[in-house]
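Beneath this line is the structure, given in structure tokens, with notes to follow.
The values are calculated or read from the model by the stated rules, or taken from the named source; none is laboratory data. Only a predicted model underlies this, so the values are computations on that prediction, with no experimental measurement involved. Using ideal geometry, Cβ is built from the backbone for each residue, glycine included, and neighbour counts are taken over all protein chains shown.
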Amino acid sequence: MKNNKKALLILLIVCMFVFIMLSRNHRKEPEIEQPEKQQQPTFKTNIIVYNTRNEVIEEVDLDEYIVGVVAAEMPASFSIEALKAQAIAARTYALGRAIGIYGSTAGRHYGAHVCTDSTHCQAWIPKDMYQSWYPNSNVEENWAKIEEAVYSTSGLILTYNDEIVNPLYHANSGGITEDIQEVWSSVSDVPYLKSVYSEGEADYSSFKKSVKLAGEKIREILMESYPEIVFLGPVSEDFEVVQYTDSLRAKEIRIGSIVIPGTKFRELFSLSSTIMEISFPNEDEMEITTYGFGHGVGMSQCGANELAQKGRDYEYILQYYYTGVEIEPINEDVIVELNK
Ligand SMILES: [Zn+2]
């Protein structure tokens, strides 16, 4: 009896031991909580940038460069989807420029792919200059927002028929964008750079601007470019818009004895746009009110922000302003070309 009890006790201990071992072996490993993944760049390639401010050529990561372009080209206060659209347009342009499809850069880049001159390539600022450009902004917050726009669209560009496009953009269209041939007559028809309506842009400070020009000043500036010009009377008699484009931009302007393109007139008098209303406060003074800011071709940045605020995403925005384009990862051939 005593032995039986002892045997039973041993059996019980053995059973408990086996049970403990089994349960240990079957116990699940504790789950290690993974920290939430930060949005990381998914695409890496370098681009050679000629910084026109300090005349230094540097090789930098493409997206790092694009962050500086977006920071310089679009206010960080714009909606994130507009910033993403801007990032993709800027990346597309940088690569198109780098592989030479927008014409020669001889004498401008000293061998670099792109430069930081906004009148030639795209504007660009480093983070340490951001505060001086936008004194009332929160640099860290804005820079982080721009980085999110760039890195969340990393590697994406715009193509048409599998070719990199020329994604022209401007600040404010004045309500309607322009066909490319109306601005650059030497350019043949570009199917993705067609005039489209662009709503909600009147709410931006870049929408409307008025300037007054004295007849004397107008004549002086014109005579520098057109020495053959003959003035027939005061500016109120000497000036008329003789032709408009379909988007109601001044296409041809007669001044005195000559007719010049509206785009040339805009350039000569540093006007914001060629959508203009003219009045004459007196017979030899002209007041020009322009609507929009920029050449008007391609994506309107203010219009992009309006679409984003209405809930449209970057794909919609880009395909709205660039008719028929695709948003695709950078092609291997482009990367090979870039690394030549
Ligand atoms: Zn350039």
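Values for this structure:
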| read-out | value |
| --- | --- |
| Residue in the range 259-271 that is in contact (Cβ under 8 Å) with a residue 12 or more places away in the chain and among the acidic types (Asp, Glu) present | no |
| Of all residues in the range 83-98 being within 14 Å of the ligand (Cβ to nearest atom) and not hydrophobic (A, V, I, L, M, F, W, C), the one that is nearest to Ser300 (Cα to Cα) | Tyr93 |
| Members of the range 109-140 found to be of a type in the set (S, T, N, Q), more than 15 Å from the chain's Cα centre (by Cα) and near the ligand (Cβ under 9 Å from one of its atoms), listed by number | none |
| Number of positions in the range 154-207 that are in a strand (DSSP E or B), among the acidic types (Asp, Glu) and not assigned by TED's automatic domain parsing to the domain that holds Cys302 | 1 |
| Residue list for the range 258-306, filter: acidic (Asp, Glu) and touching a Leu at 6+ places or on another chain (Cβ under 9 Å) | Glu285, Glu287 |
| Matching residues in the range 39-72 - criterion: being part of a helix (DSSP H, G or I), in contact with a Ser or Thr (Cβ under 8 Å, 6 or more places away or on another chain) and among the acidic types (Asp, Glu) | Asp63 |
| Residue count, the range 63-119 (criterion: of a type in the set (D, E, K, R) and buried (at least 19 other Cβ atoms within 10 Å of the Cβ)) | 6 |
| Pick from the range 99-108, criterion without any contact (Cβ under 8 Å) to a residue 60 or more places away in the chain and more than 9 Å from the ligand (Cβ to nearest atom), ranking: farthest from Glu58 (Cα to Cα) | Gly103 |
| Among residues of the range 56-69, those that are among the aliphatic types (A, V, I, L, M) and over 16 Å from Arg97 (Cβ atoms), counted | 2 |
| Matching entry among Gly256, Gly298 (being in contact with a helix residue (DSSP H, G or I) (Cβ under 8 Å, 6 or more places away or on another chain), surrounded by 14 or more Cβ atoms within 10 Å (Cβ to Cβ) and closer than 21 Å to Phe207 by Cα) | Gly298 |
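Quick grid of which residues meet (1) more than 30 Å from Ser77 (Cα to Cα); (2) part of a strand (DSSP E or B); (3) of a type in the set (Gly, Ala, Ser):
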{"position": "Glu237", "(1), (2), (3)": "yes, no, no"}
{"position": "Glu240", "(1), (2), (3)": "yes, yes, no"}
{"position": "Lys264", "(1), (2), (3)": "yes, no, no"}
{"position": "Glu287", "(1), (2), (3)": "yes, yes, no"}
{"position": "Leu307", "(1), (2), (3)": "no, no, no"}
